Amino acid sequence: MDQHGFVANFESEVRKADGSTVWIAEFARVVRGINGEALYYEGTVIDITQRKLAEAAVKRSEEKFRRLVEMTNVVPWEANFATGCFTYVGPQAEKYLRYPIEEWLKPGFWEKHVHPEDRTWVEIVRSEAIDKRQSLECEYRMIRSDKQVVWTREIVSVLPDDDEPSKIAGFMLDVSYRKEAEESLRVSEERFRLLVNSVKDYSVFMLDPDGNVLTWNAGAERITGYTADEIIGKHL
C-alpha cells in the first residue's frame, strides 16, 4: 500500500469471530491529502470462500485423475502449443523409451525419437490436426534408448485457455505386441495361401456364409476348368 498506493484482489484466509475461517479478496487504496500525506485507507472485502472451495475440489479431482492415469501403462503428456516441447510426461515415460524424464522435457525430444521412416508423415499429420484444433489418433514407431522399436498409438488434443490454444496434450500407448501379432497373422495367411495354391491334385477353396467363392486353388482350376479370376466372388 505504501509503495503503490493500492492493492487489488489480495487473497487471504481469515478467521471469523466464531473460530471458522473464510477466504476473502481485498481491494484497497490510500487516500492522501493535498500534500501527498496518507490520510486513511479505504477499500472493500469480498467473500470468495465458495470459489476457493470449488478450485480446491477441481484440483483434488485433477490430482486424483492424474494419479489414476499414472498407475496405468499409458503415458500421459502435455506440451507447449507453440513449440511442441513436452512440459509434462507421466512417470511411465521412463520405462516406455528407457530415457529419464528430464530427457523427455528437452526441446526436440519427440522429433528425435520418432522412427526416421515415420517422422515426416507423422509431423505433417500432427501439425495439420493441431493447426485446425482437431483431435488426432495415429500409430507410428519410436526408437528406445536401446535402439528397440516401439509401436506407439497416440491420442493428441489441443487444450484451449480462454478460447485460445495454450497447450497440447495426449496419451501414448505401446501397441508393439498387437503389431507383432498382426504381422505374424499376415505371414501365416500368406504361407497358407502359397501352400494351398501349390496343391494341384486336390480342389481347395473357401466360401463365405452366402456361398460366394473367396479362394480357389490351382487344383480347383484344373478339375473344374474355372480360373480363380473367373470364379472368385461368384456364387458356387
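The values are calculated or read from the model by the stated rules, or taken from the named source; none is laboratory data. Here the structure is a predicted model, which is why all the values come from computation and not from measurement. Cβ coordinates were reconstructed from backbone atoms using ideal geometry, including for glycine residues, and neighbour counts include every protein chain displayed. The accessibility values were calculated without ligands, DNA or RNA, using every heavy atom of the protein model including side chains. Shrake-Rupley method; radii C 1.70, N 1.55, O 1.52, S 1.80 Å.
Pairs are defined by a Cβ separation below 9 Å, a sequence spacing of at least 6 or placement on different chains, a first member in the stretch 71-99 that is over 28 Å from D131 (Cα atoms) and outside any strand (DSSP E or B), and a second member that is of a type in the set (S, T, Y) and at pLDDT 90 or above; the pairs so defined are N73/Y96; R98/S145; Y99/S145. Among all residues of the stretch 28-39, there is none that is touching a residue at least 12 places away in the same chain (Cβ under 8 Å) and not in a strand (DSSP E or B). The set of residues in the stretch 86-118 being hydrophobic (A, V, I, L, M, F, W, C) and open to solvent by less than 30 Å² (accessible area, probe 1.4 Å) consists of F86, V89, A93, L97, W104, F109, W110, V114. Across the stretch 124-150, what is the total count of residues that are in a loop (DSSP other than H, G, I, E, B) and under 17 Å from the mean Cα position of the chain (by Cα)? Here the count works out to 4.
Of all residues in the stretch 40-51, those being part of a strand (DSSP E or B) and among the aliphatic types (A, V, I, L, M) number 2. Farther than 30 Å from E13 by Cα, modelled with pLDDT of 85 or more, open to solvent by 90 Å² or more (accessible area, probe 1.4 Å) and not acidic (D, E), is that true of W121? When the stated conditions are applied, W121 passes them. Within the stretch 144-191, the set of residues being hydroxyl-bearing (S, T, Y), open to solvent by 60 Å² or more (accessible area, probe 1.4 Å) and at pLDDT 70 or above comprises Y177 only. Name the residue that is farthest from A54 (Cα to Cα), counting only residues in the stretch 7-42 that are surrounded by 10 or more Cβ atoms within 10 Å (Cβ to Cβ) and among the charged types (D, E, K, R). Per the criteria, the residue is R32. Residue count for the stretch 35-75 satisfying the condition of being hydrophobic (A, V, I, L, M, F, W, C), farther than 25 Å from E11 by Cβ and at pLDDT below 85: 5.
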